[in-house]
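Novice: Sharing a structure with you now.
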Amino acid sequence: SDLLGGAIHQHIPVLWTLASGDTAKDIDEAQSLISAKRHCDFKLKIGSRALMDDVRHVAAIKAAVGDSASVRVDVNQAWDEATAAKGMAELQAAGIDLVEQPTPMKDLAALVRLSQKFHLPILADESIADASDLFSLSAGGFSGAVALKIAKAGGPLEALKVAHVASAAGIGLYGGTLLEGTIGSVASLHAWSTLEQLHWGTEMFGPLLMKDDIVVKRLSFQNNGVELPTGAGLGIEIDEDKLVYYRRK
């Protein structure tokens, strides 16, 4: 983080994805994580089921957690513009906070029109790889947020260029992941720590999905986020024995 400009934050907020698809199970999981102060922001992947089935599922979870948590959805490009307009109207009424990539990645005009039609913000993900992509989208009239990903942009420095364009355009920032393990996640965290404001937090929960790790000390997830490792390099130490054990030959 020193090489990237210096860490402003030592604790980075991290959301959790509710992925069972079962409304009751997702509500129980969310409430348990809120009580443990492990996570207070949640994302749900939708778009594979009928529109109103997805809406009812998400709305029930939001109603159950109320103001104690932020609930967002990721449509993963599954809707056309007309479906997205109906879906966003329903989700907006249900109190959902953010809709990620509702329409196909190359249909930038649809993202612009939808962002201007609703006060429910859109998070652009697949549509934005680098800073020039975001410049084009924002110049076209898009308002909302952008998912920063170091693998997508080409490394931490390139991802921060996207963040700088977003800040200049008044577009919110979100620290995205491609479900990297600890090493990739920490590289991202060091980049995100240099940003003055992460309007929508991050989703750097990749290491929590791993049953084991190749680092000596695993990341500390607490207080609805994760602590930024300090020390030389990325601030983590490789467990050489684990590295040998898990190496594929």
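The values are calculated or read from the model by the stated rules, or taken from the named source; none is laboratory data. Predicted model, so just to flag it, every value in this text is computed and none were measured. Note that each Cβ is placed from the backbone with ideal geometry, even for glycine, and that neighbours are counted across all protein chains shown. Side chains included, ligands, DNA and RNA excluded: accessible areas come from the protein's heavy atoms. Shrake-Rupley method; radii C 1.70, N 1.55, O 1.52, S 1.80 Å.
Novice: Tally Lys and Arg at +1 and Asp and Glu at -1 over the other residues with C-beta under 12 Å from the C-beta of Lys86: what net charge comes out?
Specialist: -3
Novice: Next question, about the same structure. Just the number please: accessible area per residue for the chain, 1.4 Å probe, all protein chains included, in Å².
Specialist: Here the residues of the chain average 47 Å² of exposed surface.
Novice: Still on this structure: Give the carbon-plus-sulfur fraction of the accessible surface of region 95-235 in %, rounded to a whole number; probe 1.4 Å, heavy atoms of protein chains only.
Specialist: About 56 percent, which is the carbon plus sulfur part of the accessible surface.
Novice: May I ask for the net charge around Gly140, where only other residues with Cβ less than 14 Å from the Cβ of Gly140 are counted and Lys, Arg are +1 while Asp, Glu are -1?
Specialist: Neighbourhood net charge equals 0.
Novice: FRET efficiency for Leu208 and Glu237, Cβ-Cβ distance as r, R0 = 22 Å, nearest 0.05?
Specialist: Using R0 = 22 Å, I get an efficiency of 0.70.
Novice: List, in the order given, every pair from Lys149/Lys217; Lys152/Lys211; Lys62/Lys117 whose Cα-Cα distance in the structure shown is over 28 Å.
Specialist: none
Novice: If I model a spin label at Ala50 and Ser132 as a point 7 Å from the Cα along the Cα→Cβ vector, what separation in nanometres do I get?
Specialist: Each label point lies 7 Å from its Cα, and together they span 4.5 nm.
Novice: So what's the net charge close to Val216: Lys and Arg +1, Asp and Glu -1, counting the other residues with Cβ under 12 Å from its Cβ?
Specialist: Local net charge: -2.
Novice: Further question: Quick check on the chain: helices-only [θ] at 222 nm, where DSSP H runs of length 4 and up contribute -39,500 (n - 2.57) each and the sum goes over total residues. Nearest 500, please.
Specialist: -11500 deg cm²/dmol
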